[in-house]
Amino acid sequence: MDNRPPVDTPLIDKSGTHGGATAELLVRAVETLAELTSAEIAGSYRVLAEADGPTPLEEAELRLGTGRNVDPLLALGLAHVLPHDPPILKASTPVSAVEAALVHKQHELDAQYDIIARAQREVRRIRRLADRQMQDASSHRLAHVLTDSDDIAALSNTIGTAAVDEHLTLETFQYDLPLKASSAQPPTAASMTRGVRHRSIYERAFLSDPVGAEVLERCAAAGEVIRVLPQLPMKMKITDGSQALLALTPTGSSVALHLTSPVAVAALRHYFELLWREARPLTGAPPPSDSARERQRHEIVALMRQGLKDEAIARRLRLTPRTVRRRISEFMDELSAETRFAAGAEAQRRGWFDGSGDE
């Protein structure tokens, strides 16, 4: 017994008491199909679903409109052909159409995920291979002098992007050509996403030069932590404590030294840290002199012993709370103290308050 509805029965009954609800169902289905497929396919489905009568297959494309065809509808299961004479194209019900499109989209995303997963595995293999090659090369050549400007520029541009943990830079204001804002090498978004810490020390001349200031601004905006010194002896880049690029000329564009020797790179990294402690942050007041720093430190510790909070100490000494917290962190590191109480006790033991007029 054939239970199929007559071919002239429309999919959407606009005349019944439930016509409004049915129309809403179709609208929601079409909106979902547009997200799962495309606006064009969803539109074609709607035209077919709202047809008042049967749609002969040979006339379907004319009814759907210019540039549209029935193949995507059939391929996605949004329509099917009824075996009449002549054949008739009929839209699937809204529920069936959305479910079919969803299954197709899931298969599509699964295929894309497989591609991404394979690519990620290949990236790991390529990185391991590159690391082995670098280790093999470094075991035979721990230091290499570069004299080709293109090679130097290429390594200078890529040494930071290869970082896994940290990338350190010393940048003098010496260039063969006038500095351009496009010369900035800010951290990449991918590097920041991996959690790489970028720290750089620049010469103060950058701040007094409009283009130099823009370079610093772009690098800082990308996530680079910047400090400034009046002068630097050379240009240098260090990546992960495993390799360093050291300029052998003032500009570094013609001769540079690429180091992979663990001993040499560790020594350069230690030198960088010494400069970092002396450098001034890009924003904020210049660091006080040694004598002023010593006096300020004693004052902060003395007020801490009185029980004052950071904000109260800042008001008393006319400093910012951020400066107070930084100073406390600095002398806690110096005293190897894990708590403020321990820091105060160690400071007392070292005689910081002897004759200092502590209240």
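Based on C-alpha pairs under 8 angstrom that are at least 6 apart in sequence, the chain has a relative contact order of 11 percent. Between the Cα long axis of helix 321-334 and the first principal axis of the chain there is an angle of about 60°, rounded to the nearest 10.
Taking every alpha-carbon pair under 8 Å whose residues sit at least 6 apart, segment 32-171 reaches a relative contact order of 18 percent. A crude spin-label estimate for the pair ARG277 and ARG28, with each label 7 Å from Cα along the Cβ direction, gives 6.7 nm.
Peptides 178-186, 223-231 ranked from most to least packed by the mean count of surrounding Cβ atoms within 10 Å: 223-231, 178-186. Toward the positive end of the charge dipole of segment 101-198, with +1 on the Cβ of Lys and Arg and -1 on the Cβ of Asp and Glu, the farthest Cα among GLY195, ALA101, ALA117 is that of ALA101. Here's the list of aspartates and glutamates a cross-link from LYS237 could span, going by alpha-carbon distance under 12 Å and ignoring same-chain residues fewer than 8 apart: GLU166, GLU171.
Working note: Karplus 6.51/-1.76/1.60 with θ = phi - 60° gives segment 74-89 the couplings 5, 5, 8, x, 7, 7, 8, 9, 8, x, 9, 10, x, x, 10, 8 Hz, where Gly and Pro are set to x. What whole-number distance in Å separates the alpha-carbon centres of segment 294-316 and segment 39-72? Comparing the Cα centres of segment 294-316 and segment 39-72, I get a distance of 79 Å. Would you work out which of TYR175, ALA267, PRO186 lies farthest towards the positive end of the dipole of the chain? Charges go on Cβ: Lys and Arg +1, Asp and Glu -1. Checking the options against the dipole of the chain, the answer is ALA267. Taking only Cα atoms, what is the 0 to 90° angle, nearest 10, from helix 210-221's long axis to the longest principal axis of the chain? That works out to roughly 70 degrees.
How large, in percent, is the carbon and sulfur part of the accessible surface of the chain at a probe radius of 1.4 Å?
Working: 11700 of 21570 Å².
Ligands and nucleic acids excluded, carbon and sulfur give 54 percent.
Couplings for segment 107-118, taken from phi via the Karplus curve 6.51 cos²θ - 1.76 cosθ + 1.60 with θ = phi - 60°, read 4, 5, 5, 4, 5, 5, 4, 4, 4, 5, 4, 5 Hz in order; Gly and Pro are left as x.
Taking amide H atoms as placed 1.01 Å from N in the peptide plane, the amide H of THR37 has no partner under 5 Å among residues 5 or more positions away or on other chains. Between the DSSP loop rule and a limit of at most 11 other Cβ atoms within 10 Å, which trypsin sites (Lys or Arg not before Pro) in segment 80-129 are left? Loop-located and lightly packed - none at all.
For segment 127-255, the relative contact order comes to 32 percent (Cα pairs under 8 Å, sequence separation of at least 6). For the chain, the longest principal axis of the Cα atoms and the long axis of helix 149-158 meet at an angle of about 70 degrees. Taking a label point 7 Å from the Cα of THR339 along the Cα→Cβ vector, which residues of segment 305-331 have an amide N closer than 19 Å to it? Those under the cut-off are 305-310, 328-331. Projected label points at VAL95 and GLN133, each 7 Å from Cα along the beta carbon direction, are separated by 5.8 nanometres.
Heavy atoms of the protein chains alone define the surface here; on that basis segment 153-269 has 46 Å² accessible area per residue at 1.4 Å probe size. Only Lys, Arg, Asp and Glu carry charge here, each on its Cβ (+1 for the first two, -1 for the last two); on that basis the chain has a dipole of about 1920 debye about its Cα centre.
The values are calculated or read from the model by the stated rules, or taken from the named source; none is laboratory data. These numbers come from a predicted model, not from an experiment. Glycine gets a Cβ as well: all are built from the backbone with ideal geometry, and neighbour counts include every protein chain shown. Keep in mind that these areas ignore ligands, DNA and RNA; they rest on the heavy atoms of the full protein, side chains included. Shrake-Rupley method; radii C 1.70, N 1.55, O 1.52, S 1.80 Å.
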